[in-house]
Amino acid sequence: MSTPAPVRRVIAPSLPERDTMTWSNCLVRGNEISLSGVTANPESTVDAPLGTYEQTLVILNKIRALVEAAGGTVENIYKLVIYVTDIKDKDEVGRARKEFFQVPYPCSTLVGVSALVFPSLTVEIDAFASLDYALRASA
């Protein structure tokens, strides 16, 4: 019987994890990086909540920070699962993705949901990356 690969918890310096959290933002097993759903919180809970486009950019930058803390780059991100509270916001999410990523873009799933953890949040993103896979290298 083989020994399971160890799992490494990664914390980005710009995204500290509180002791009260009951999840990890980023886990690495071998070369695979898995991220929990990332939101723009607390940035979107200030007096003037951010729109979906702005929230998406905040989230993508948080994802970048976590992947880089794990030893990768944006080019290692190969799959996103995006949850939006209003499916009509798909164009705003797409605009942010187009500005953030380059061709070829990561695979993606867009899901409409009834609510997220805070009322001001309109988008949440799960991300998957691999340290031995680079989108630009495959172009």
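The values are calculated or read from the model by the stated rules, or taken from the named source; none is laboratory data. The structure displayed is predicted, hence computed values, not measured ones. Glycine also receives a Cβ, built like all others from the backbone with ideal geometry; neighbour counts cover every protein chain displayed. Quick note on the areas: whole protein, heavy atoms, side chains included, nothing else; ligands and nucleic acids left out. Shrake-Rupley method; radii C 1.70, N 1.55, O 1.52, S 1.80 Å.
Applying the Kirkwood pairwise sum to the alpha-carbon positions of segment 71-139 produces a hydrodynamic radius of 12.9 angstrom. Please name whichever of LEU50, ILE33, THR22 sits farthest to the positive end of the charge dipole of the chain, dipole taken about the Cα centre and charges placed at Cβ: Lys and Arg +1, Asp and Glu -1. Farthest along the dipole direction, towards plus: ILE33.
Of the listed residues ARG64, ARG97, ARG9, the order by accessible area with a 1.4 Å probe, largest first, is ARG9, ARG64, ARG97.
Taking every DSSP beta bridge that has both residues in the chain, what percent is antiparallel when rounded to the nearest 5? Bridges in the chain are about 75 percent antiparallel. Assuming R0 = 22 Å, can you tell me the calculated FRET efficiency for the pair LEU15 and VAL103, based on Cβ-Cβ distance, to the nearest 0.05? My answer for the efficiency is 0.20. Projecting each Cα onto the charge dipole of the chain (Lys/Arg +1, Asp/Glu -1 at the beta carbon, about the Cα centre), which of ALA129, ALA96, VAL84 comes out farthest on the positive side? Projecting each Cα onto the dipole axis, the largest value belongs to ALA129. Counting only DSSP beta bridges with both residues in segment 61-132, the antiparallel share comes to about 55 percent. Note on the chain: helix-only mean residue ellipticity at 222 nm, from DSSP H runs of 4+ residues weighted -39500 (n - 2.57) and normalised by residue number, equals -7000 deg cm²/dmol.
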